[in-house]
Ligand SMILES: C[S@@+](CC[C@H](N)C(=O)[O-])C[C@H]1O[C@@H](n2cnc3c(N)ncnc32)[C@H](O)[C@@H]1O
């Protein structure tokens, strides 16, 4: 069976490559809003990779870390704080209670999915978030001509190495806002090609 979005083969190089191309910008985008979290918050991290953000979550009540790659999870466990529960699973297949979490964090995770899967992912995130819960997203977006070329090159690379599901980068911000979320805060990096945003879940009844 062909495994999509399979990062096991590039676990050892992923962080190195990200740093080589973007310096510390991806990391800065991923940790941007974490100091606004409350000690009473329950957090779900999706596709957190090697766990670089975990040390910034040591003060919250609990963290559920859902990561599909066994090798990434192994790395993340090395220096994780005690409040983290590791789940090695596909987020779309793992059962989570409705309205059970204060914050969902997606660090360079949503860009992996093809449009239909992305709809499912966003629907599930909205379902597990409590009323007025937050969604933190760090990811890419097209801005300049150069950003488009670089992002296309990255998709070609990840298609070969990880069999990434998405064929191209979806307009993530637009799709998130079209669901039950509204903007809270925004940080653009590298001419806006990298963004970090906090959204609030709203009821649109
Ligand atoms: C592009 S990497 C980002 C890693 C990390 N967040 C970072 O910024 O360095 C995407 C991560 O999502 C994980 N992943 C892919 N599909 C997943 C799924 N369906 N459920 C949970 N994790 C998934 C991959 O194993 C990989 O570690």
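Structure data summary
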{"quantity": "Pair residue 92, residue 55: separation of 7 Å Cα→Cβ label points (nm)", "calculated": "3.4 nm"}
{"quantity": "Beta bridges per DSSP with both ends in the chain, % antiparallel, nearest 5", "calculated": "45 percent"}
{"quantity": "Relative packing of 59-66, 77-84, 161-168, 41-48, which averages over residues the other C-beta atoms within 10 Å, highest first", "calculated": "41-48, 59-66, 161-168, 77-84"}
{"quantity": "Estimated translational D of region 8-201 in µm²/s (Stokes, Kirkwood radius over Cα pairs; 10 °C; 1.306 mPa s)", "calculated": "94 µm²/s"}
{"quantity": "Linear extension gain, residue 160 paired with residue 23, 0.36 nm per residue minus alpha-carbon span", "calculated": "47.0 nm"}
{"quantity": "Diffusion constant of region 67-143 at 10 °C, which comes from Stokes-Einstein with the Kirkwood Cα-pair radius and 1.306 mPa s, µm²/s", "calculated": "114 µm²/s"}
{"quantity": "Separation in nanometres of the label points that stand 7 Å from Cα toward Cβ, at residue 4 and residue 143", "calculated": "3.0 nm"}
{"quantity": "Structure-based [θ]222 nm, the chain - -39500 (n - 2.57) summed over DSSP H runs of at least 4, per residue, nearest 500", "calculated": "-9500 deg cm²/dmol"}
{"quantity": "Gain in span if fully extended, residue 119 to residue 13, counting 0.36 nm per residue against the direct Cα distance", "calculated": "35.2 nm"}
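Taken together, the values in this text are just the output of simple stated rules run on the coordinates, not laboratory data. If you're wondering where the values come from, they're calculated on a predicted model, not measured in any experiment. We place every Cβ from the backbone using ideal geometry, glycine too, and count neighbours over all the protein chains shown.
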